[in-house]
Amino acid sequence: MAEYWYSRWLFERALAAIYLVAFIAAATQFVPLLGERGLEPVGRWVQQVPFRASPSIFYLFPHDIAFRVCAWAGIALAAFALSTIPQQVGPWLSAATWAVLWVLYLSFVNVGQTFYGFGWEILLCEVGFFTIFAGASRTAPSLWLIWIWRWTLFRLMFGAGLIKLRGDSCWRDFTCLNYYFETQPMPNALSWYFHWMPHGVHAAGVAINHVVEVLVPFAYFLPQPFASVAGIVTILFQLTLIVSGNLSWLNWLTLVLCIPLLDDRWLTWIPIHPPASLAAAPAYSAALYVISAGVVLLSVKPVVNMLSPAQMMNASFDALHLVNTYGAFGSITRDRFEIVLQGTSDTALADDSRWLEYEFKGKPGDPARRPPQVAPYHLRLDWLMWFEAMSRGPQSDWFFNLLGGLLRGDRETIGLLRTNPFPDAPPRYVRAQYYRYRFTTPEQHRQTGLWWDRQLVGTFYGPVSGRRE
């Protein structure tokens, strides 16, 4: 199958880049979020959940030093895979590199609790596992593996399409995009402009979404050039999502999965050349037959789920996250509410107490701040704050631990935020205010320069104080 040699080469480089971003996020965020003094400590998790239910090397070492070492090892290995050296050396080094990357990332996901409970986490685990069997540069690309990658993309896209058709009525009356750009988890620098596009453009966007997610995926299994055309359509669709919001590496990893749809006629511009001869060892071919049979068996539950009226959006059916079910934005929120954290150094609270705001790295806060572009990097706390704001009061233990970290002036906790208005000493009181956010109108933006218009709804939680020594 020499016609997919370039496709496999590009796929592996792109997947290594996604792994690199994922491990950088782990190196910078895992300890403050899930470390020994984190918002959801892994140590408590491993005491309550058996290893067989959520296998992870961190059951042996639930300590900050292990989290940091494994995250940086993942960064080094992802860079190694990106360099192409493992594939040039041979199939065993290539397989070992991808296998260790998979074990490391699976270990983070399986103890990551709420902060790793996103569909793109299990998607990276699934794609990463099967890439262990990609072979080396001199190995002939396997048609079986090409089909496995395409089947993963089909479940990802078709599952997302079905959950929308079954979900929010705005997907059926073509109005979802009237709200989506403003109320999505983390808007980016262009979301404001997308929000103010005409209604007809929004309605057309919903129609295009249904075509690309419900109909186009069936073309992934057609002969060339139809499969390649379907891949290009999906790529263009994902690029639109990338420029209109911050959805972590979900759209980027979807782009990676589109690459196996393209045969080599589309990729000969890559300035490399395949070896003169390609071959596959009998043991390699036999392993892929076994893996393919396993995928068929493991696909039964995801297919049943997709066909069920009670379809789950993102779920695994095995502890290793090998063949999963996917979906996104089955419902669209109409109003955006944000939790704004504030602190004061006043020794006694009064009506004129001076409250200073903490600013998050990605989520909306200061109305004058233009929404930043952060994807494919994933700001986990910012995303969880969006979910927490869906209720009128705190629902999660990690939220109380966050407030406690601010009251202690905890360096790791404060490192998750963009600004610390109390650099010299922690505040005496903190509180969480509840605001409704709307994009400013074009006229408001011209007059004020603000990107957001916000109104105070009330107090979300607090004030609460920290004990002084």
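Tabulated results
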item	result
Residue satisfying all of: in the stretch 336-362; in a loop (DSSP other than H, G, I, E, B) and basic (Lys, Arg); farthest from Ala425 (Cα to Cα) among these	Lys361
Residue match in the stretch 190-208 (condition: open to solvent by less than 30 Å² (accessible area, probe 1.4 Å), under 24 Å from Val21 (Cβ atoms) and modelled with pLDDT of 95 or more)	yes
Selection status of Gln433, more than 27 Å from Gln113 (Cβ to Cβ) and more than 24 Å from the chain's Cα centre (by Cα)	no
Tally of residues being aliphatic (A, V, I, L, M), surrounded by fewer than 23 Cβ atoms within 10 Å (Cβ to Cβ) and out of contact with any Phe, Trp or Tyr (no Cβ under 7 Å at 6 or more places or on another chain) across the stretch 1-23	6
Any hit, the stretch 66-86, residues being of a type in the set (Gly, Ala, Ser) and at pLDDT below 95	no
Pair list, Cβ < 9 Å and 6+ apart or interchain, from the stretch 236-249 residues that are over 17 Å from Pro371 (Cβ atoms) to residues that are outside any helix (DSSP H, G or I) and at pLDDT 95 or above	Trp249/Ala375; Trp249/Pro376; Trp249/Tyr377; Trp249/His378
Subset of the stretch 145-171 (residues that are in contact (Cβ under 8 Å) with a residue 24 or more places away in the chain and among the polar types (S, T, N, Q))	Thr152
Every pair of residues 6+ apart whose Cβ atoms lie under 6 Å, when the first sits in the stretch 393-419 and is over 16 Å from Val464 (Cα atoms) and of a type in the set (D, E, K, R) while the second is modelled with pLDDT of 95 or more and surrounded by fewer than 19 Cβ atoms within 10 Å (Cβ to Cβ)	Arg418/Glu359; Arg418/Lys361
Candidate set: the stretch 84-101, residues that are hydrophobic (A, V, I, L, M, F, W, C) and surrounded by 23 or more Cβ atoms within 10 Å (Cβ to Cβ); chosen: the one nearest to Tyr6 (Cα to Cα)	Trp98
Options Val111, Val103; residue that is in contact (Cβ under 8 Å) with a residue 24 or more places away in the chain and within 20 Å of Ile18 (Cβ to Cβ)	Val103
Evaluation of Pro41 against (1) within 20 Å of the chain's Cα centre (by Cα); (2) surrounded by 18 or more Cβ atoms within 10 Å (Cβ to Cβ) (one fails), failing number	(1)
Some residue of the stretch 102-109 being of a type outside the set (A, V, I, L, M, F, W, C), out of contact with any Lys or Arg (no Cβ under 6 Å at 6 or more places or on another chain) and either under 30 Å from Ser308 (Cα atoms) or modelled with pLDDT of 95 or more (or both)	yes
Residue match in the stretch 222-234 (condition: under 25 Å from Trp386 (Cβ atoms), in contact (Cβ under 8 Å) with a residue 12 or more places away in the chain, hydrophobic (A, V, I, L, M, F, W, C) and open to solvent by 30 Å² or more (accessible area, probe 1.4 Å))	no
Qualifying residues in the stretch 447-469 (those that are more than 25 Å from Pro185 (Cα to Cα) and modelled with pLDDT of 95 or more) - the one most open to solvent (accessible area, probe 1.4 Å)	Gln447
Helices (runs of 4 or more DSSP H) (entirely within the stretch 242-335) containing at least 1 residues that are over 22 Å from the mean Cα position of the chain (by Cα)	282-298, 300-307
Scan of the stretch 367-414 for residues that are under 30 Å from Tyr193 (Cα atoms), part of a loop (DSSP other than H, G, I, E, B) and within 21 Å of the chain's Cα centre (by Cα), ordered by number	Pro371, Pro372, Gln373, Val374, Ala375, Pro376, Tyr377, His378, Leu379, Ala389, Met390
Matching residues in the stretch 132-177 - criterion: being surrounded by fewer than 20 Cβ atoms within 10 Å (Cβ to Cβ), of a type in the set (S, T, N, Q) and either under 24 Å from the mean Cα position of the chain (by Cα) or assigned to a helix (DSSP H, G or I) (or both)	Ser169
Test for Ile291: is it farther than 25 Å from Val111 by Cα, modelled with pLDDT of 95 or more, of a type in the set (A, V, I, L, M) and open to solvent by less than 20 Å² (accessible area, probe 1.4 Å)	no
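The values are calculated or read from the model by the stated rules, or taken from the named source; none is laboratory data. None of the values given here were measured: they were computed from a predicted structure. Cβ sites come from the backbone with ideal geometry, for glycine too, and all protein chains shown count toward neighbours. Please note that ligands, DNA and RNA were not included when accessible areas were found on the heavy atoms of the full protein model with its side chains. Shrake-Rupley method; radii C 1.70, N 1.55, O 1.52, S 1.80 Å.
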